[in-house]
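Have a look at the structure below before the remarks.
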Amino acid sequence: MQSELLKKLKHSQQNAKKIVKRKLTPTSTFATLTDDEIAQVIAMRAKELRIKQDKKQREFSTEAELSSPTTYANFEQKGIISLANFIKVMRTFGRLEELEALLRPTVKEQIEDVKANILVPKKRVR
């Protein structure tokens, strides 16, 4: 009885994942998505870029110097990839500048830093 319930639960979870996956598109905005969904949308966008460049997964993964074509295939299908390999992918797409913009100080933070430096009296150097 219990194993039958577990089977049904797993089956319904798989169906739910498929339904959610169908609703996602490369243009989905991140604000309302889960972390896994954001990863999936990024993977969809990467797949679109690769296809626009008319490259097969194997060819792209070789060019990106990934350890195996499976690494990139898993990324496109599941949204799973290490940060180091993601950087390689972005470099191969010629999109490193997009990564460079991540986690930069906001304008507000920069203004606060300037204010803090102005208000702190300079120490005399001997």
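The values are calculated or read from the model by the stated rules, or taken from the named source; none is laboratory data. Bear in mind the structure is a predicted one, so any value in this text is a computation, not a measurement. When we count neighbours, we look across all protein chains shown, and the Cβ atoms used for this are built from the backbone with ideal geometry, even at glycine.
Filtered by the rule that a residue be out of contact with any Asp or Glu (no Cβ under 8 Å at 6 or more places or on another chain) and either under 21 Å from D54 (Cβ atoms) or touching a residue at least 40 places away in the same chain (Cβ under 8 Å) (or both), the stretch 71-126 gives T71, Y72, A73, F75, E76, Q77, I80, V89, R91, F93, G94, R95.
Does the stretch 88-111 contain any residue that is part of a loop (DSSP other than H, G, I, E, B), modelled with pLDDT of 95 or more and surrounded by 15 or more Cβ atoms within 10 Å (Cβ to Cβ)? Checked the stretch 88-111: no residue is part of a loop (DSSP other than H, G, I, E, B), modelled with pLDDT of 95 or more and surrounded by 15 or more Cβ atoms within 10 Å (Cβ to Cβ). R45 fulfils the conditions (1) at pLDDT 90 or above; (2) over 12 Å from the mean Cα position of the chain (by Cα); (3) of a type in the set (D, E, K, R) except for a single criterion, (2). Condition test on Q57, is it surrounded by 15 or more Cβ atoms within 10 Å (Cβ to Cβ) and over 14 Å from the mean Cα position of the chain (by Cα)? Yes.
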